[in-house]
Amino acid sequence: MSRSVIRVVLIVLAVVILLGGVIGGLCWWKMAKLKEELVQGLETAIGAQVQVASLDLDLWRGELHAAGISLTNDRSSAPWEKGAISQATVRFHLVDVFSPTMPLSVDVSSWSLVLTPSSAATSALAPSPVPASKDRMQVTQLSAHDGSVEIDLADNRQVLLQGVAFTADDNGADVWTTELQATSIKAGSLEAGASSVQIRSEQEKADFSNLRMACGQGIITGEGEMSLDGAHEIKATLKSAEVPVTMFVGVAWQMKLSGQVDGTLTYEGNDQSSSAKGQLALSHAKFNILPWLGKVTALVSLPDITDVEVDKATTDFTWKEGKLELSNIDVRKNDVVRISGTTDIDPTGQVDGKLKLGLPSTIITKWPQLQEKVFSVQLEDYSWTDVHLTGPPDHLQEDLSPRLIAVGMQQGSGLLDQATQKAAELWKSFMGK
């Protein structure tokens, strides 16, 4: 081989090596820029400070591995405070590195997020969120698993979600569909197990459907929608089936009520206010909130219904700004007692109940003074009287006992002579003896 040929081959090899070095260096430079773009794009999109402990690139597999990611919210209008991600993998196609747009899929594991929805109440006064820049990188799929979410509400209330996982897909035209799951949800007395929901979000609103929350042996289902701009209007319809009533009431009531709830609830709210209304029916219901009622029924030789399963317990309700109003109350223990009326419970737990108590007329007619002075209204084979309840759950006061005592004094011992010995003892308890 002549020297000229060798020289040509060496020149070609040198050019190839040089071109390879240039191309390789350019690729690595693009990857370095890609790392910066990803972090900057994330900061711009969510309006937060982003810190990443480590970024490792696997160019040939088209993967960028990030670890130790911390997020700190910069927007006062955004209802979240901070977040952390242990591991994240960004996947891309190598051929897209030099393309005008670069589709990405992101997978996140071992993550946590702290939300403070109460801050949304100031959104009307805060600057409008900064829209994400039109970056060439476009996330088309986002998945996450092994997550936790803490939602801090007003009055030290908190919602905790564990085992959160979701998959979100970009359907184009700014429409995303998300499948969300959680292994457990705790919100006050409500404790749900495996839960799931489907979400469809657009630029201005998000719809959720097929909500399912396992609660004890029961389940909560529902659907609704939320506006993503303006006052963030929310509308939702929920249904419960055989959910323990203790999951819906405060601690002060949990030892006084038992049973399973079947019912419907419609909710409407925004950044400034919220309200709900619906109907409830309790099966296998027992009540320990009216100890005086046992005295009344025993006084006329009827069974004490304290901690006894009733035959019917239904009510309508409305809730607004922490105040609960129960209407159309209908509680029945057949052939023993009926209770109807309304009850208001204010945000502090104070009760103001205007009830009607009915006892079988065939029983009340045996005590003419009781029928004339107290149970004077006859309706549906029952004799009725008004009862006013006031006070907190553990110290409810009623105005029926004084009227019964007055009748007993007017009638002398006649009422006691006709009652059982147990009734006499209960009468003495009315008198405080």
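The values are calculated or read from the model by the stated rules, or taken from the named source; none is laboratory data. Computed from a prediction, not measured in an experiment: that's the story for all the values here. Positions of Cβ are generated from backbone atoms using ideal geometry, with glycine treated the same way; all protein chains shown enter the neighbour counts. When the accessible area is computed, the model is the full protein with side chains, heavy atoms only, and any ligands, DNA or RNA have been set aside. Shrake-Rupley method; radii C 1.70, N 1.55, O 1.52, S 1.80 Å.
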Note to self: Could you compute how much accessible surface I199 exposes when probed at 1.4 Å, giving the result in Å² to the nearest 10?
What the structure shows: 50
Notebook entry, point to check: For the stretch 167-317, with the dipole built from +1 on Lys and Arg beta-carbon atoms and -1 on Asp and Glu ones, taken about the Cα centre, which of T246, G172, H284 lies farthest toward the positive end?
Noted result: H284
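Go through 168-181, 384-397 and give me the packing order, highest mean Cβ count within 10 Å leading.
Details: 168-181: 13.9, 384-397: 15.4.
Peptide ranking by packing, descending: 384-397, 168-181.
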Note to self: I'd like to check one number: the per residue accessible area of the stretch 187-336, probe 1.4 Å, reported in Å² as a whole number.
What the structure shows: 52
Next item on the list: Tabulate in residue order the Karplus-calculated ³J(HN,Hα) for the stretch 84-90, using 6.51 cos²θ - 1.76 cosθ + 1.60 with θ = phi - 60°, rounded to whole Hz; enter x for Gly and Pro.
Entry: 8, 10, 6, 9, 8, 10, 9
Margin query: Show me, for the stretch 306-314, the HN-Hα J-couplings you get by feeding each phi into the Karplus relation (A = 6.51, B = -1.76, C = 1.60, θ = phi - 60°), rounded to Hz, glycine and proline as x.
Written below: 4, 6, 10, 5, 8, 8, 7, 8, 9
Note to self: Given R₀ = 30 Å, what would the calculated FRET efficiency be for K320 paired with K239, taking r from the Cβ atoms and rounding to 0.05?
What the structure shows: 0.90
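To the nearest 20 Debye, how big is the dipole of the stretch 231-281 about its Cα centre, given +1 on the beta carbon of each Lys and Arg and -1 on that of each Asp and Glu?
On the way: 4 positive and 5 negative charges, 32 e Å.
That gives the stretch 231-281 a dipole magnitude of about 160 debye.
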Checklist line | Two-site label geometry, R91 and D155: point separation in nm, points 7 Å out along Cα→Cβ | finding: 4.6
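Considering only protein heavy atoms and a probe of 1.4 Å, how much of the accessible area of the stretch 313-377 is carbon and sulfur, as a whole percent? Spell out each step's value before the answer.
Working: 1670 of 3200 Å².
For the stretch 313-377, the apolar C and S fraction of the accessible surface comes to 52 percent.
With the full set of protein chains in place, find how many percent of the accessible area of the stretch 236-289 is carbon and sulfur; take the probe as 1.4 Å. Write down the numbers at each step before the final one.
Working: 1600 of 2780 Å².
Taking all protein chains in place, the stretch 236-289 shows 58 percent carbon and sulfur surface.
State, to one decimal in nm², a quarter of the convex hull surface area for the C-alpha atoms of the stretch 192-320, i.e. the direction-averaged projected area.
Working: hull surface 37.0 nm².
Result: 9.2 nm².
Let's test the formula: R0 of 45 Å, r as the Cβ-Cβ distance of Q162 and S301. What FRET efficiency results, to the nearest 0.05? Write down the numbers at each step before the final one.
Values: r = 53 Å, r/R0 = 1.19.
Plugging the Cβ-Cβ distance into 1/(1 + (r/R0)^6) gives 0.25.
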Note to self: Given a 1.4 angstrom probe, I'd like the percentage of the accessible area of the stretch 151-197 that is carbon and sulfur, rounded to a whole number.
What the structure shows: 52
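To the nearest 20 debye, what is the magnitude of the charge dipole of the stretch 149-285 about its Cα centre, counting +1 on the Cβ of each Lys and Arg and -1 on the Cβ of each Asp and Glu? Mind showing how you got there, number by number?
Numbers: 9 positive and 19 negative charges, 163 e Å.
Its charge dipole is roughly 780 debye.
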